[in-house]
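Visitor: The following block contains the structure, expressed as structure tokens.
The values are calculated or read from the model by the stated rules, or taken from the named source; none is laboratory data. The structure displayed is predicted, hence computed values, not measured ones. All Cβ positions, even for glycine, are placed from backbone atoms using ideal geometry, and neighbour counts span all protein chains on display. When the accessible area is computed, the model is the full protein with side chains, heavy atoms only, and any ligands, DNA or RNA have been set aside. Shrake-Rupley method; radii C 1.70, N 1.55, O 1.52, S 1.80 Å.
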Amino acid sequence: MRDEGRSAELVRSKDPSALSPPPSALRASHAGGAGMLVIGWLIIIGIVFWVFHSWSERQANPNRALVSMPTGEVVLQRNRAGQYIADGEINGRPVTFLLDTGATQVALSTQLARELDLKRGPVVTLQTAAGPARGYMVRLDSVRLAGIEMRGVGALVSDGLAPEMVLLGMNFLKRLEMTQRGDQLILKPPGQSQ
């Protein structure tokens, strides 16, 4: 009964501090709320970054999931920079190709050549847009772009190339029938009927 009387006194009291929690409890409550606010904003920023990054990658390489048509054709979409970039494989390892009709041969970085454990061939001098460069010849067991695969493809290895990009040059492309329609490039192996 005595506790009920005290509660009634507190309710009737005109002193606002009688009903409010102690200051230390308020500080803890505000700190927890601020922490949750920071965590909430970090999650929102992370989601926005992930969405933008995914969109940006799709714009740079719209050909990530290539499939061959029943006719053997491979249809590539041009990216927003006007290039044809597509995922493929060299010796079974996933790579990203940049189709380059100005390159006489398939060209890859020294780093990728090491990862593929390619045997060095003769040293050559390369004529690049940036001037002469040194590299060496290698032989690739297989080069695959969707359903199009070629074996025993010669390639150049050079330090000046980006490790994440392989130039798919004319020694691969000249064996294909290429047709450009708008923003699409249609590649067809020789001897395939329409």
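Visitor: Give me the one-decimal Kirkwood hydrodynamic radius in Å for segment 61-105, with the sum taken over alpha-carbon pairs.
Guide: Final number for the Kirkwood radius of segment 61-105 is 11.6 Å.
Visitor: Still on this structure, I have one more. I'd like the carbon and sulfur percentage of the solvent accessible area for segment 57-186, probe radius 1.4 Å, heavy atoms only, ligands and nucleic acids excluded.
Guide: 49
Visitor: Hey, another quick one. Order of 76-82, 139-145 by packing, highest average Cβ count within 10 Å first?
Guide: Answer by packing, highest mean first, reads 139-145, 76-82.
Visitor: Would you please give the residues with an amide H less than 5 Å from that of V95, counting only those at least 5 places away or on a separate chain, with H modeled from the backbone geometry?
Guide: G88, E89, I90
Visitor: Return the long-range amide H neighbours of G154 (sequence gap of 5 or more, or a different chain), with a cut-off of under 5 Å between placed amide H atoms.
Guide: For G154, whose amide H was placed from the backbone, the distant partners under 5 Å are L140.
Visitor: Also, I was wondering about something else. Stokes-Einstein D for segment 69-194 at 20 °C, 1.002 mPa s, Kirkwood Rh over Cα pairs, in µm²/s?
Guide: Diffusion coefficient, whole number: 143 µm²/s.
Visitor: Using the Karplus equation 6.51 cos²θ - 1.76 cosθ + 1.60 (θ = phi - 60°), what ³J(HN,Hα) coupling, rounded to whole Hz, does each residue of segment 37-46 give in order, writing x for Gly and Pro?
Guide: The phi angles translate into 5, 4, 4, x, 5, 4, 5, 4, 4, x Hz.
Visitor: Work out from phi, with θ = phi - 60° and the Karplus expression 6.51 cos²θ - 1.76 cosθ + 1.60, the ³J(HN,Hα) of each residue of segment 139-155, listed in order in whole Hz, and give x for Gly and Pro.
Guide: 10, 9, 4, 8, 10, 10, 10, 6, x, 9, 10, 10, 10, x, 8, x, 8
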